[in-house]
Amino acid sequence: MSINFPLLLVIAVAVCGLLALFDLVVLAPRRRTAIAAYTGQVGEPDPDTLERLNKEPMLVEYGKSFFPVLAIVLILRSFLVEPFQIPSGSMKPTLEVGDFILVNKFAYGIRLPVAETKVIDIGDPQRGDVMVFRYPSEPDINYIKRVIGLPGDTIKYTSDKHLYVNGQLVAETLIGEEPGTLGSATLYDEKLGDVEHQIRKEMRRYRIEPDREWKVPAEHYFMMGDNRDNSNDSRYWNDPRIPKELLGMVPDRNIVGKAFAVWLSWPEPKLRSMPTFSRVGLIH
(Lines give C-alpha, C1' and ligand atoms only; values in the text may rest on other atoms or scores of the structure.)
Protein backbone atom coordinates (compact mmCIF):
# COMPACT_ATOMS: atom_id res chain seq x y z
CA MET A 1 0.00 0.00 0.00
CA SER A 2 1.53 3.30 -1.11
CA ILE A 3 1.53 6.36 1.13
CA ASN A 4 0.14 9.59 -0.29
CA PHE A 5 2.79 11.87 1.18
CA PRO A 6 1.47 15.11 -0.40
CA LEU A 7 -1.96 14.46 1.12
CA LEU A 8 -0.46 13.70 4.54
CA LEU A 9 1.64 16.88 4.34
CA VAL A 10 -1.40 19.01 3.47
CA ILE A 11 -3.37 17.46 6.35
CA ALA A 12 -0.49 18.05 8.77
CA VAL A 13 -0.20 21.71 7.72
CA ALA A 14 -3.97 22.17 8.03
CA VAL A 15 -4.12 20.59 11.52
CA CYS A 16 -1.16 22.59 12.81
CA GLY A 17 -2.58 25.77 11.29
CA LEU A 18 -5.98 25.19 12.90
CA LEU A 19 -4.35 24.59 16.27
CA ALA A 20 -2.39 27.84 15.95
CA LEU A 21 -5.55 29.71 14.91
CA PHE A 22 -7.59 28.19 17.76
CA ASP A 23 -4.93 29.30 20.22
CA LEU A 24 -4.84 32.81 18.76
CA VAL A 25 -8.62 33.28 18.77
CA VAL A 26 -9.75 31.28 21.83
CA LEU A 27 -7.02 30.06 24.17
CA ALA A 28 -4.64 33.04 24.19
CA PRO A 29 -7.40 35.53 25.21
CA ARG A 30 -8.42 33.14 28.00
CA ARG A 31 -4.84 33.01 29.27
CA ARG A 32 -4.57 36.79 29.22
CA THR A 33 -7.86 37.13 31.09
CA ALA A 34 -6.72 34.62 33.72
CA ILE A 35 -3.40 36.44 34.18
CA ALA A 36 -5.14 39.81 34.48
CA ALA A 37 -7.54 38.41 37.12
CA TYR A 38 -4.69 36.88 39.10
CA THR A 39 -2.46 39.96 39.04
CA GLY A 40 -5.43 42.06 40.17
CA GLN A 41 -5.92 39.88 43.23
CA VAL A 42 -2.34 39.80 44.53
CA GLY A 43 0.13 42.49 45.36
CA GLU A 44 3.20 40.70 43.99
CA PRO A 45 2.48 38.01 41.37
CA ASP A 46 4.28 34.71 41.73
CA PRO A 47 6.47 34.04 38.64
CA ASP A 48 5.70 30.30 38.71
CA THR A 49 1.97 30.98 38.82
CA LEU A 50 2.24 33.45 35.91
CA GLU A 51 4.18 30.89 33.91
CA ARG A 52 1.56 28.23 34.65
CA LEU A 53 -1.33 30.50 33.66
CA ASN A 54 0.42 31.53 30.44
CA LYS A 55 1.49 28.00 29.46
CA GLU A 56 0.09 26.72 26.18
CA PRO A 57 -1.42 23.21 26.01
CA MET A 58 1.18 20.72 24.76
CA LEU A 59 -0.76 19.92 21.57
CA VAL A 60 -1.07 23.60 20.71
CA GLU A 61 2.60 24.19 21.47
CA TYR A 62 3.67 21.42 19.10
CA GLY A 63 1.20 22.55 16.44
CA LYS A 64 2.46 26.13 16.51
CA SER A 65 6.08 24.94 16.43
CA PHE A 66 5.62 22.61 13.46
CA PHE A 67 3.29 24.82 11.42
CA PRO A 68 5.88 27.20 9.86
CA VAL A 69 8.29 24.35 9.13
CA LEU A 70 5.65 22.15 7.50
CA ALA A 71 4.20 25.11 5.59
CA ILE A 72 7.61 25.93 4.13
CA VAL A 73 8.16 22.28 3.16
CA LEU A 74 4.72 22.17 1.53
CA ILE A 75 5.38 25.33 -0.50
CA LEU A 76 8.84 24.21 -1.60
CA ARG A 77 7.75 20.67 -2.45
CA SER A 78 4.51 21.60 -4.17
CA PHE A 79 5.49 24.66 -6.15
CA LEU A 80 9.28 24.90 -6.42
CA VAL A 81 11.58 21.87 -6.12
CA GLU A 82 10.99 18.27 -5.06
CA PRO A 83 13.69 15.61 -4.49
CA PHE A 84 13.41 12.10 -5.92
CA GLN A 85 15.61 9.01 -5.92
CA ILE A 86 16.14 6.90 -9.04
CA PRO A 87 15.04 3.31 -8.23
CA SER A 88 15.85 1.57 -11.53
CA GLY A 89 18.25 1.60 -14.45
CA SER A 90 15.73 2.63 -17.10
CA MET A 91 17.44 5.99 -17.65
CA LYS A 92 21.01 4.73 -17.94
CA PRO A 93 23.47 6.16 -18.79
CA THR A 94 21.91 9.57 -18.05
CA LEU A 95 20.78 8.55 -14.56
CA GLU A 96 22.07 5.67 -12.46
CA VAL A 97 20.32 3.64 -9.78
CA GLY A 98 20.65 5.52 -6.50
CA ASP A 99 20.94 9.00 -8.00
CA PHE A 100 19.12 11.64 -5.98
CA ILE A 101 17.66 14.22 -8.31
CA LEU A 102 15.92 17.58 -8.08
CA VAL A 103 12.70 18.22 -10.00
CA ASN A 104 11.52 21.67 -11.04
CA LYS A 105 7.83 21.73 -10.07
CA PHE A 106 6.96 25.00 -11.82
CA ALA A 107 8.65 24.47 -15.21
CA TYR A 108 5.41 23.21 -16.73
CA GLY A 109 2.98 25.30 -14.69
CA ILE A 110 1.87 25.83 -11.10
CA ARG A 111 -0.31 22.96 -9.84
CA LEU A 112 -2.30 22.63 -6.65
CA PRO A 113 -0.96 20.01 -4.23
CA VAL A 114 -2.90 16.72 -4.02
CA ALA A 115 -5.46 17.78 -6.67
CA GLU A 116 -2.60 18.40 -9.16
CA THR A 117 -4.81 20.87 -11.02
CA LYS A 118 -2.82 23.39 -13.09
CA VAL A 119 -3.74 26.92 -11.99
CA ILE A 120 -1.00 28.92 -13.74
CA ASP A 121 0.34 27.91 -17.15
CA ILE A 122 4.07 28.66 -17.38
CA GLY A 123 5.39 26.32 -20.08
CA ASP A 124 5.04 22.95 -21.77
CA PRO A 125 7.37 19.93 -21.89
CA GLN A 126 9.85 20.08 -24.74
CA ARG A 127 11.20 17.19 -26.76
CA GLY A 128 14.26 15.84 -24.98
CA ASP A 129 13.26 16.94 -21.46
CA VAL A 130 13.74 14.43 -18.65
CA MET A 131 10.36 14.47 -16.93
CA VAL A 132 8.85 12.99 -13.77
CA PHE A 133 5.20 12.01 -14.09
CA ARG A 134 2.57 9.86 -12.43
CA TYR A 135 2.24 6.48 -14.15
CA PRO A 136 -1.12 6.55 -15.99
CA SER A 137 -2.18 3.06 -14.83
CA GLU A 138 -1.12 3.65 -11.20
CA PRO A 139 -1.05 7.39 -10.46
CA ASP A 140 0.45 6.82 -7.00
CA ILE A 141 3.70 5.70 -8.67
CA ASN A 142 6.13 8.26 -10.07
CA TYR A 143 8.06 7.47 -13.25
CA ILE A 144 10.96 9.31 -14.86
CA LYS A 145 11.56 9.13 -18.62
CA ARG A 146 12.57 11.37 -21.51
CA VAL A 147 9.97 13.27 -23.53
CA ILE A 148 10.06 11.85 -27.07
CA GLY A 149 6.71 12.78 -28.56
CA LEU A 150 4.77 16.03 -28.18
CA PRO A 151 1.05 16.50 -28.90
CA GLY A 152 0.43 15.89 -32.61
CA ASP A 153 3.71 14.03 -33.21
CA THR A 154 4.01 10.70 -34.97
CA ILE A 155 6.51 8.36 -33.28
CA LYS A 156 7.95 5.24 -34.87
CA TYR A 157 10.30 2.69 -33.30
CA THR A 158 11.69 -0.03 -35.54
CA SER A 159 12.77 -3.60 -34.94
CA ASP A 160 16.41 -2.54 -35.53
CA LYS A 161 16.10 -0.05 -32.63
CA HIS A 162 15.86 3.18 -34.59
CA LEU A 163 13.64 6.08 -33.54
CA TYR A 164 11.71 8.28 -35.93
CA VAL A 165 9.88 11.48 -35.00
CA ASN A 166 7.46 12.81 -37.61
CA GLY A 167 9.10 10.68 -40.26
CA GLN A 168 12.63 11.93 -39.47
CA LEU A 169 15.28 9.52 -38.20
CA VAL A 170 16.66 10.70 -34.87
CA ALA A 171 20.41 11.09 -35.30
CA GLU A 172 22.75 8.78 -33.36
CA THR A 173 26.52 8.68 -33.07
CA LEU A 174 28.25 5.53 -31.83
CA ILE A 175 30.32 6.00 -28.66
CA GLY A 176 31.35 2.46 -27.71
CA GLU A 177 30.39 -0.58 -25.69
CA GLU A 178 30.03 -1.43 -22.01
CA PRO A 179 29.10 -4.63 -20.14
CA GLY A 180 25.40 -5.43 -20.35
CA THR A 181 22.89 -7.87 -18.88
CA LEU A 182 23.19 -10.21 -21.84
CA GLY A 183 26.55 -9.59 -23.44
CA SER A 184 27.61 -6.04 -24.25
CA ALA A 185 25.55 -2.89 -24.48
CA THR A 186 26.22 -0.14 -26.99
CA LEU A 187 26.26 3.56 -26.11
CA TYR A 188 25.25 6.30 -28.52
CA ASP A 189 25.00 10.06 -28.54
CA GLU A 190 21.46 10.95 -29.58
CA LYS A 191 20.29 14.36 -30.79
CA LEU A 192 16.62 14.80 -30.01
CA GLY A 193 15.59 18.25 -31.17
CA ASP A 194 18.04 20.64 -29.53
CA VAL A 195 18.95 18.18 -26.77
CA GLU A 196 22.01 15.94 -27.01
CA HIS A 197 22.25 13.03 -24.59
CA GLN A 198 23.45 9.44 -24.37
CA ILE A 199 21.34 6.35 -24.85
CA ARG A 200 22.03 2.67 -24.28
CA LYS A 201 20.97 -0.28 -26.44
CA GLU A 202 21.23 -3.89 -25.47
CA MET A 203 20.45 -6.94 -27.60
CA ARG A 204 17.71 -8.77 -25.70
CA ARG A 205 15.54 -11.30 -27.49
CA TYR A 206 12.30 -10.37 -25.79
CA ARG A 207 12.67 -6.73 -26.88
CA ILE A 208 12.97 -7.57 -30.61
CA GLU A 209 9.60 -6.54 -31.97
CA PRO A 210 8.07 -5.43 -35.27
CA ASP A 211 8.06 -1.79 -36.28
CA ARG A 212 5.49 0.17 -34.29
CA GLU A 213 4.00 3.63 -34.74
CA TRP A 214 2.06 5.95 -32.44
CA LYS A 215 0.17 9.21 -32.91
CA VAL A 216 0.40 11.45 -29.87
CA PRO A 217 -3.01 12.95 -28.94
CA ALA A 218 -3.54 16.52 -27.78
CA GLU A 219 -2.42 17.23 -24.20
CA HIS A 220 -0.46 13.95 -24.07
CA TYR A 221 3.21 12.97 -24.29
CA PHE A 222 5.15 9.92 -25.47
CA MET A 223 7.93 8.88 -23.08
CA MET A 224 10.97 6.60 -23.41
CA GLY A 225 13.86 5.65 -21.17
CA ASP A 226 17.44 6.26 -22.30
CA ASN A 227 18.18 2.61 -21.54
CA ARG A 228 16.17 1.65 -24.59
CA ASP A 229 16.01 -2.13 -24.06
CA ASN A 230 15.47 -2.02 -20.31
CA SER A 231 12.75 0.56 -19.87
CA ASN A 232 9.06 0.14 -19.13
CA ASP A 233 7.82 3.14 -21.08
CA SER A 234 5.23 4.32 -23.60
CA ARG A 235 6.16 1.54 -26.02
CA TYR A 236 5.06 -1.23 -23.68
CA TRP A 237 2.28 0.05 -21.42
CA ASN A 238 -0.92 -1.94 -21.73
CA ASP A 239 -4.00 -1.29 -19.63
CA PRO A 240 -7.50 -2.42 -20.69
CA ARG A 241 -9.00 0.45 -18.69
CA ILE A 242 -7.33 3.01 -20.98
CA PRO A 243 -8.73 3.70 -24.49
CA LYS A 244 -6.58 2.20 -27.22
CA GLU A 245 -5.69 5.56 -28.75
CA LEU A 246 -4.32 6.74 -25.38
CA LEU A 247 -2.29 3.65 -24.52
CA GLY A 248 1.30 4.58 -23.75
CA MET A 249 0.54 8.28 -23.51
CA VAL A 250 1.10 10.48 -20.46
CA PRO A 251 -1.67 13.05 -20.00
CA ASP A 252 -0.71 16.59 -19.09
CA ARG A 253 -2.53 16.26 -15.74
CA ASN A 254 -0.06 13.51 -14.70
CA ILE A 255 3.02 15.70 -15.05
CA VAL A 256 5.04 16.22 -11.85
CA GLY A 257 7.93 18.32 -13.14
CA LYS A 258 11.21 18.58 -15.03
CA ALA A 259 14.26 16.78 -13.65
CA PHE A 260 17.19 19.19 -13.84
CA ALA A 261 20.01 18.09 -11.53
CA VAL A 262 21.67 15.23 -9.65
CA TRP A 263 22.66 16.38 -6.16
CA LEU A 264 23.77 13.08 -4.59
CA SER A 265 24.33 9.46 -5.54
CA TRP A 266 24.02 6.52 -3.16
CA PRO A 267 23.60 3.23 -5.08
CA GLU A 268 23.63 1.07 -1.93
CA PRO A 269 22.36 3.07 1.06
CA LYS A 270 23.94 0.83 3.68
CA LEU A 271 26.43 1.36 6.46
CA ARG A 272 29.25 -0.19 4.44
CA SER A 273 28.79 2.27 1.57
CA MET A 274 28.81 6.03 1.58
CA PRO A 275 27.00 8.54 -0.62
CA THR A 276 29.06 10.22 -3.30
CA PHE A 277 28.95 13.60 -4.98
CA SER A 278 30.89 12.47 -8.03
CA ARG A 279 27.79 12.49 -10.23
CA VAL A 280 26.53 15.92 -9.14
CA GLY A 281 25.54 18.04 -12.11
CA LEU A 282 22.81 19.15 -14.47
CA ILE A 283 20.70 16.56 -16.29
CA HIS A 284 20.76 16.65 -20.09
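The values are calculated or read from the model by the stated rules, or taken from the named source; none is laboratory data. Please read all numbers here as calculations on a predicted model, not as lab measurements. Every residue, glycine among them, receives a Cβ derived from its backbone with ideal geometry; neighbour counts consider all protein chains shown.
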Glu61 closer than 25 Å to Gly109 by Cα and of a type in the set (Asp, Glu): no
Residue within the range 237-250 that is surrounded by 16 or more Cβ atoms within 10 Å (Cβ to Cβ) and not in a loop (DSSP other than H, G, I, E, B) present: yes
Among (1) in a loop (DSSP other than H, G, I, E, B); (2) touching a strand residue (DSSP E or B) at 6+ places or on another chain (Cβ under 6 Å); (3) over 26 Å from Glu219 (Cα atoms) - the single one Pro125 does not satisfy: (3)
Per-region count, the range 59-75, residues under 19 Å from the mean Cα position of the chain (by Cα) and surrounded by 17 or more Cβ atoms within 10 Å (Cβ to Cβ): 2
Residues that are surrounded by fewer than 17 Cβ atoms within 10 Å (Cβ to Cβ), on the phi < 0 side of the Ramachandran plot, in a loop (DSSP other than H, G, I, E, B) and not charged (D, E, K, R), drawn from the range 107-122: Leu112, Ala115, Thr117, Ile122
Tally of residues being assigned to a helix (DSSP H, G or I) and more than 11 Å from Ala20 (Cα to Cα) across the range 42-69: 10
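For every residue, the table says whether it meets (1) more than 30 Å from Glu178 (Cβ to Cβ); (2) in contact with a helix residue (DSSP H, G or I) (Cβ under 8 Å, 6 or more places away or on another chain); (3) modelled with pLDDT of 90 or more.
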{"site": "Arg32", "(1), (2), (3)": "yes, no, yes"}
{"site": "Ser65", "(1), (2), (3)": "yes, no, yes"}
{"site": "Pro68", "(1), (2), (3)": "yes, no, yes"}
{"site": "Asp99", "(1), (2), (3)": "no, no, yes"}
{"site": "Ala107", "(1), (2), (3)": "yes, no, yes"}
{"site": "Lys118", "(1), (2), (3)": "yes, yes, no"}
Identity of the residue in the range 225-236, among the acidic types (Asp, Glu) and at pLDDT 95 or above, that ends up surrounded by the fewest Cβ atoms within 10 Å (Cβ to Cβ): Asp233
